[in-house]
Amino acid sequence: MSTPLDIEGPAAPPRSNGELVFAEPWESRAFGMAVGLYEAGAFTWPEFRAALIARIAAWEAESAPDEPYNYYQLWLAALENVLVGLCAVSAGDVTARTHTLVQRPPGHDHDHDHSR
């Protein structure tokens, strides 16, 4: 099943020469989670796309002119909205997990000991 990603429009992911662009590893993970859940049938792509467009519109309406735009923060927030809406997770669960992850030191998910 292919993912119906938007090539153009407000929900289109960042691209360079037609390839998706991720500035940080977490961005590709967030992208992969949404695509994987969609492909597993957890939600429809129009549901996710609508949540993403709503998040982008809210950011545009509420952000300060000098606030940096981060597409994948909005992508992740849209995924959270969809999953909370489906009662797959609660808003409290998302908040608690986010707090736990923020407390982890940088580089926590990279194994530097290659002798294992």
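The values are calculated or read from the model by the stated rules, or taken from the named source; none is laboratory data. All values derive from a computational prediction rather than experimental measurement. When we count neighbours, we look across all protein chains shown, and the Cβ atoms used for this are built from the backbone with ideal geometry, even at glycine.
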Report, by residue number, each residue of the stretch 50-71 that is in contact (Cβ under 8 Å) with a residue 12 or more places away in the chain and not basic (Lys, Arg).
ALA51, LEU52, ILE53, ALA54, ILE56, ALA57, TRP59, TYR71
How many residues does the stretch 20-39 contain that are hydrophobic (A, V, I, L, M, F, W, C) and closer than 17 Å to VAL84 by Cα?
5
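Residue by residue, here is whether (1) modelled with pLDDT of 90 or more; (2) small (Gly, Ala, Ser); (3) touching a Gly at 6+ places or on another chain (Cβ under 6 Å) holds:
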residue: ILE7; (1), (2), (3): no, no, no
residue: PHE22; (1), (2), (3): yes, no, no
residue: GLY41; (1), (2), (3): yes, yes, no
residue: PHE48; (1), (2), (3): yes, no, no
residue: ILE56; (1), (2), (3): yes, no, no
residue: TRP75; (1), (2), (3): yes, no, no
residue: ASN81; (1), (2), (3): yes, no, no
residue: GLY85; (1), (2), (3): no, yes, no
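Determine which member of the set TRP75, TRP45 is touching a residue at least 60 places away in the same chain (Cβ under 8 Å) and either surrounded by 12 or more Cβ atoms within 10 Å (Cβ to Cβ) or of a type outside the set (D, E, K, R) (or both).
Working: TRP45 fails: touching a residue at least 60 places away in the same chain (Cβ under 8 Å).
After applying the criteria, what remains is TRP75.
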